[in-house]
Amino acid sequence: MNGEQTKIYLSIEDCTSDVGLLNELELGVEVQHLAVPEVMDGNWKDKLAEYQDKFCELRGGVSLHAAAFDLNPAGSDVKIREVTRERYLRSLEIAKLIRATHVVFHSQINPGIKNPEFKQAKVERQLPFWQEMLAETEQQGTVLLLENLFETDPADLLTLVESIDSPRVKVCLDLGHVQANTLLTIGDWIDGLSPHIAYIHLHDNDGKVDQHLPPTEKLLVELRNALARHKLNPIISLEYRVEDPRAEIGRLRRHL
């Protein structure tokens, strides 16, 4: 860490959060309910207006989790890529309207693909796609974050980010996905991706299933040590239910 207070965001799935409490605790928000299919194909403008009305006085930062599941910018089927493009562009439109500085996208990497030529073809196929997303957000300077999902090691995500080669394309390291899908440690992943990590999804599990549990003290110590080793101070987004925000943020601040 670099001495500055770590930015902590609370992942929200509706507009029930207490904005006054968020401001008191100096929290930002990761908006997760506006870029899902049932909203995007329905009353997303109404949901957007509800969010804007409720969070207009939020002083912390804002990020958006973009449309995620069943999409693939590297798909060989052009129709899949077209749907992905439509969903991602709508996500970026929403991000602009809520003034999100960071947008999280799943990497969509399939760890079952082992053939090096197939891997390289998938990377090359999506480079123009990400150039379009970067051009779409150039005026706002939005940071596009690629999040590990099912990957078993950081190598393919590192290749993708470095191939896109933009200062506005960074990594969202999801710690729950690391623990559920890989035998490597969180430290191993941070070591492998350290130059590109700008954002972390913090949650815990039993090492088998993605459960989105509060982090243990052991996990927080491991995270702190790995980040300190590389002098990193990314945004930490809490992807678990926080029952007592004052107590939980106090606990996290003691570690982070």
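Bear in mind these aren't lab numbers, they're just calculated from the coordinates by the rules spelled out. Since we're looking at a predicted model, the values are computed, not measured. Please note: Cβ atoms are built from the backbone with ideal geometry, for glycine as well, and neighbour counts cover all protein chains shown.
Quick look at the numbers
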| item | result |
| --- | --- |
| Normalised contact order of the chain, rounded percent, pairs of Cα under 8 Å and 6 or more residues apart | 19 |
| Qualifying lysines (Cα of each under 30 Å from Cα of LYS119; at least 8 residues distant if same chain) | LYS79, LYS170, LYS208 |
| Cα pair distances in the range 1-71, grouped into 5 Å bins until the bin that holds the longest one, percent each | 3, 15, 25, 22, 15, 10, 6, 3, 1 |
| Rounded to whole Å, sorted largest first: equivalent-ellipsoid semi-axes of the range 104-256, Cα gyration tensor | 27, 19, 14 |
| Residue among ALA35, PRO195, LEU183 farthest towards the positive dipole end of the chain, charges placed on Cβ | PRO195 |
| Protection proxy ranking, peptides 236-246, 57-67, average beta carbon neighbours within 10 Å, highest first | 57-67, 236-246 |
| Pair ASN23, THR159: separation of 7 Å Cα→Cβ label points (nm) | 4.9 |
| Only Lys, Arg (+1) and Asp, Glu (-1) charged, at Cβ; the range 8-255 dipole about Cα centre in debye | 500 |
| Pairwise label distance in nanometres, ARG229 with ASP41, each label 7 Å out on the Cα-Cβ vector | 4.4 |
| Sorted by Cβ neighbour density within 10 Å, fewest at the top, the residues LEU89, LEU144 | LEU89, LEU144 |
| Inter-label distance, nm, simple model (7 Å from Cα along the C-beta direction), GLN5/SER166 | 3.2 |
| Calculated FRET efficiency for the pair LEU213/LEU127, C-beta based, R₀ 35 Å, to 0.05 | 0.45 |
| Space enclosed by the convex hull of the alpha-carbon atoms of the chain, per residue, Å³ | 124 |
